[in-house]
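What follows is a single structure, written as structure tokens, with notes after it.
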Amino acid sequence: MIVIPAIDLRHGKCVRLTQGRKEAATVYDGDPVKVAEDFERDGARMLHVVDLDGAFAESNRRNREVLRDLVRTVSIPVQFGGGLRSTKDIEQVINLGIARVVLGTLAAESPDMLAKIVGLFGAEQVAVGIDARNGQVVTRGWETEEQMSALTLAHRVAAAGVKRMIYTDVQRDGTLTGVNIDQTCLIARESGLRITASGGVASLEDLERLRAVIDCGVDSVIVGKALYEKRFTLPDAIAICVDFEDSTTSG
């Protein structure tokens, strides 16, 4: 199983939110580009970068500058999401060197556009982030609850030709309370998609529990706050998960 470190950008800085609330942000010292370099040095095979300003429909010029510098600096693939709501947005970040875009609001609000984007850019460059609170999809920076279950959206995403999904239990994100394994596995089994788990990883034991359910389709995990809070190191996390070889960085 692949461990993917997260870098969340707000006003050009590394932050972590609690349950997706922008008023509950912790700003971490350090240049995001340097953080990315450190993750690569520690063995990361991919980075997960989120533009929170874009997700909240705020000015994100500074974040895009940081993203450009980050992609130029590291040699490992970067997947990127946050505020990508048009083909123009997607083209811009792919031109920066992004390996895979992660679409959220667009996927929930416009399945026809999602299918078109998969056709234009290819399934390997497009993933969908499904963020849920109490099993219901939330969009637009987690501030809008859709009248749609995460499972329903997962089926629609699969029908559009998407191969990979990042599933986040918003209530656990940034809380260090553990991953919602049951719901994540349900989404994986029912959709047939390759799933990246996200939200709540707090310990190496959480990673061991995730690794134990890889047969359901969960082949990777995004880790954020636990690394920043030094609950464990990235090399230790990778050592826990390294037994499982997959095509996460290419699919």
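Coordinate-derived values only; no laboratory data. All values derive from a computational prediction rather than experimental measurement. When we count neighbours, we look across all protein chains shown, and the Cβ atoms used for this are built from the backbone with ideal geometry, even at glycine.
For the chain, modelled as a GNM whose springs connect Cα atoms under 10 angstrom apart, the maximal fluctuation among Gly129, Gly12, Gly224 occurs at Gly12. Less than 14 Å Cβ to Cβ from Thr87, Lys/Arg counted +1 and Asp/Glu -1: what total charge do the surrounding residues give? Cβ neighbours under 14 Å give a net charge of 0.
Bridge orientation summary for the stretch 2-244: considering DSSP beta bridges with both residues in this region, about 25 percent are antiparallel.
With a cut-off of 10 Å between beta carbons, the residues surrounding Val162 carry a summed charge of +4, where Lys and Arg count +1 and Asp and Glu -1. Its alpha carbons give the stretch 38-123 an Rg and a Dmax of 13.1, 40 Å. If you rank Thr105, Thr139, Thr26 by fewest surrounding Cβ atoms within 10 Å, what's the result? In order of increasing Cβ crowding within 10 Å: Thr26, Thr139, Thr105.
Relative to the compact-globule scaling 2.2 N^0.38 Å, provide the ratio for the alpha-carbon radius of gyration of the stretch 2-244. Before the final figure, lay out the partial values.
Working: Rg = 16.2 Å, N = 243, 2.2 N^0.38 = 17.7 Å.
The value comes to 0.91.
Mean-square fluctuations from a GNM of the chain, with a 10 angstrom spring cutoff on Cα atoms, peak among Tyr228, Tyr28, Tyr167 at Tyr28. Mind checking which of Gln92, Gln147, Gln79 has the largest fluctuation in a GNM of the chain, springs on alpha carbons under 10 Å? Among Gln92, Gln147, Gln79, the largest mean-square fluctuation in the Gaussian network model of the chain belongs to Gln147. Close amide H pairs (under 5 Å, H built 1.01 Å from N) link Glu146 with Val137, Val138, Thr139, residues at least 5 positions away or on another chain.
Only Cα pairs under 8 Å and at least 6 apart count here; give the relative contact order of the chain as a rounded whole percent. Provide the component values of the computation, followed by the final result.
Details: 519 pairs, mean separation 52.9, N = 251.
Taking the mean separation of contacting Cα pairs over the length of the chain, I get 21 percent.
Assigning unit charges at the beta carbon (Lys, Arg +1; Asp, Glu -1) and nothing else, what dipole magnitude in debye, to the nearest 20, does the stretch 2-244 show about its Cα centre? Can you show the working numbers first?
Numbers: 30 positive and 34 negative charges, 81 e Å.
That gives a dipole near 400 debye.
Relative contact order, percent, of the stretch 87-152 when contacts are C-alpha pairs under 8 Å separated by at least 6 residues? Working shown, then result.
Working: 67 pairs, mean separation 16.5, N = 66.
RCO, the stretch 87-152: 25 percent.
For the chain, what does the helix formula give at 222 nm: sum of -39500 (n - 2.57) over DSSP H segments with n ≥ 4, over the residue count, nearest 500 deg cm²/dmol?
Values: 11 runs with 94 residues, N = 251.
Value at 222 nm, helices only, nearest 500: -10500 deg cm²/dmol.
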